[in-house]
Amino acid sequence: MKYQPVIGLEVHVQLLTDTKIFCGCSTKFGAEPNSQTCPVCLGLPGALPVLNKKVVEFAIKAGLSTNCSITPRSLFARKNYFYPDLPKGYQISQFEDPICQWGWLDIKVDGEETKRIRITRIHMEEDAGKLVHGELSGPGDGSGVDLNRACTPLLEVVSEPDLRSSDEAVVYLKQLHQIVTWLGICDGNMEEGSFRCDANVSVMPAGSSTLGTRAEIKNVNSFKFVKQAIEYEIGRQIELIEDGGTVVQETRLFDPDSGTTRSMRSKEEAHDYRYFPDPDLVPLVISDQWIERSRQELPELPEQRQRRFTDDLGLTLYDAEVLTSSRALADYFEAGVAAGGNAKAIGNWIMGEITRALNDSGVSIEACPVTPGQLAELLKLIDIGTISGKIAKTVFEEMWKSGKTPQSIVEEQGLVQVSDSGAIEGIIDEIMAANAGQVEEYRGGKEKVFGFFVGQVMKASRGKANPSVVNELLLSKLKG
């Protein structure tokens with residue numbers, strides 16, 4: 001490759017607090033415009049901010065989970081710029097002394113070697129409001145400002161420019177998304193803007209160590225769009241350079257309809273924002289005891305749980321990764337194992353039937369109508385030969401609809417598996433007598449016909465015949 005892409009991500013994580021970062025207004029999404037505001041988040045004269053302690057606790061946990069150092073004394077700063085949805089004319093953020101610094105995440109793309117992506121900083125800040133076009137002021141070209149989102153707490157997670165492809169960027173982003181949702185500090189809803197990304201993209205000649213001029217792509221809100229935006233921007237910059245042009249430092253927007261980026265404004269530098277310490281907020285001092293208490297409160301993180309699933313429960317790494325894709329899914333799996341289910345079988349059913357039913361019905365694992373204990377009970381019925389795997393799927397569908405236990409469904413519908421060799425032998429005799437031609441074909445060497453006989457026996461028994469008994473008796477009788 002003639003050019004090497006260089007990518008750094010700035011990820012905005014909206015925190016799952018009930019109230020805003022500097023006032024008591026609700027953070028609930030979807031309320032009537034400007035109904036969740038007060039003098040503080042409206043920036044009215046004389047209103048003073050008061051820091052939400054829960055935001056600090058969430059920030060510490062995010063920092064510890066991404067291998068960051070927690071800053072003992074951090075400062076809030078005013079980031080000055082003028083935009084219609086920024087009521088104070090500045091944003092309260094952190095600049096010189098962010099709460100978390102110098103962390104990392106290790107990623108792996110398509111079986112490649114593990115790569116460490118450095119995290120420069122994680123800092124706390126307030127969100128701006130939102131411009132609404134043609135909705136608040138009626139149809140037409142009018143625009144309104146909804147300040148419900150103003151002062152909503154954010155963490156900004158800034159990586160070093162260590163990413164070298166769109167695939168690496170997506171893997172890093174998904175891993176960070178998994179961590180913040182796993183911790184319960186963010187709902188991760190990208191459509192509502194709870195987790196969004198700015199991508200800084202540049203290219204440099206292959207083998208060079210001098211970084212190229214970067215363009216920042218603002219507020220990309222899906223993994224798919226992040227990949228598309230980065231790939232388009234890489235191609236745009238390479239084409240521009242090869243045509244003799246120059247890449248300019250600017251902020252660009254991604255258009256998902258066309259799959260392209262377009263220029264928005266020239267890119268600001270830190271000095272353009274005229275940062276200075278916020279005089280209304282005292283320095284934030286975090287004790288070693290507070291950090292240690294937060295560390296003790298951390299849940300077992302996804303990577304740790306994957307290791308335990310492979311080492312202690314014998315799962316493959318792939319299965320462990322799928323089953324830890326969310327904390328709720330991992331909890332469901334472990335509850336099923338704790339109820340006596342075989343780990344591999346429980347995992348297979350979760351990744352198969354459970355996932356399919358969840359997708360078809362549009363519900364989350366938290367709302368799954370089949371409990372982990374019921375799933376374990378269903379699999380026990382297979383293990384002891386009460387029902388076959390095929391009948392189990394029929395029982396599962398009824399469990400999903402009715403909430404009944406598998407044992408009661410089996411009893412009510414007479415679904416107990418037939419293992420009596422005498423009864424099965426009678427069915428086989430009838431089928432062989434009715435299909436003498438196929439019997440001769442099998443005995444003449446056409447062994448594929450065997451599957452036909454198995455199917456006929458299972459059909460005649462309405463799926464109740466024990467498959468292993470069927471196979472054993474058929475082999476004996478067909479050989480004559």
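General observations
- Note on segment 317-343: residues that are out of contact with any helix residue (DSSP H, G or I) (no Cβ under 6 Å at 6 or more places or on another chain), outside any helix (DSSP H, G or I) and more than 20 Å from residue 379 (Cα to Cα) amount to 2.
- Residue ID - farthest from residue 73 (Cα to Cα), chosen from residues in segment 98-122 that are modelled with pLDDT of 95 or more and touching a helix residue (DSSP H, G or I) at 6+ places or on another chain (Cβ under 6 Å): 107
- Looking only at segment 242-274, and only at residues there that are farther than 17 Å from residue 201 by Cα and either surrounded by 15 or more Cβ atoms within 10 Å (Cβ to Cβ) or touching a helix residue (DSSP H, G or I) at 6+ places or on another chain (Cβ under 7 Å) (or both), the one that is modelled with the highest pLDDT: 256
- Condition met for residue 230 (at pLDDT 90 or above, part of a helix (DSSP H, G or I) and surrounded by 17 or more Cβ atoms within 10 Å (Cβ to Cβ)): yes
- Within segment 300-316, the residues that satisfy the criterion of being assigned to a helix (DSSP H, G or I) and either surrounded by fewer than 12 Cβ atoms within 10 Å (Cβ to Cβ) or of a type in the set (Ser, Thr, Tyr) (or both) are 310, 311, 312.
- Residue selected from segment 323-349 under the condition out of contact with any Ser or Thr (no Cβ under 8 Å at 6 or more places or on another chain) and of a type in the set (Ser, Thr, Tyr), by the criterion surrounded by the most Cβ atoms within 10 Å (Cβ to Cβ): 324
- When the helices (runs of 4 or more DSSP H) confined to segment 399-452 are screened for residues that are more than 30 Å from residue 376 (Cα to Cα) and either out of contact with any Lys or Arg (no Cβ under 9 Å at 6 or more places or on another chain) or at pLDDT below 80 (or both), those reaching at least 1 such residues are found at 421-434, 436-443.
- Some residue of segment 168-185 being outside any helix (DSSP H, G or I) and either in the same structural domain as residue 108 (by TED's automatic domain parsing) or more than 20 Å from the chain's Cα centre (by Cα) (or both): yes
- Taking segment 283-299 as the range and being in contact with a Leu (Cβ under 9 Å, 6 or more places away or on another chain) and outside any helix (DSSP H, G or I) as the test, the residues that pass are 283, 284, 298, 299.
The values are calculated or read from the model by the stated rules, or taken from the named source; none is laboratory data. Note that the coordinates shown come from a computational prediction; the quantities given were computed from them, not determined experimentally. Positions of Cβ are generated from backbone atoms using ideal geometry, with glycine treated the same way; all protein chains shown enter the neighbour counts.
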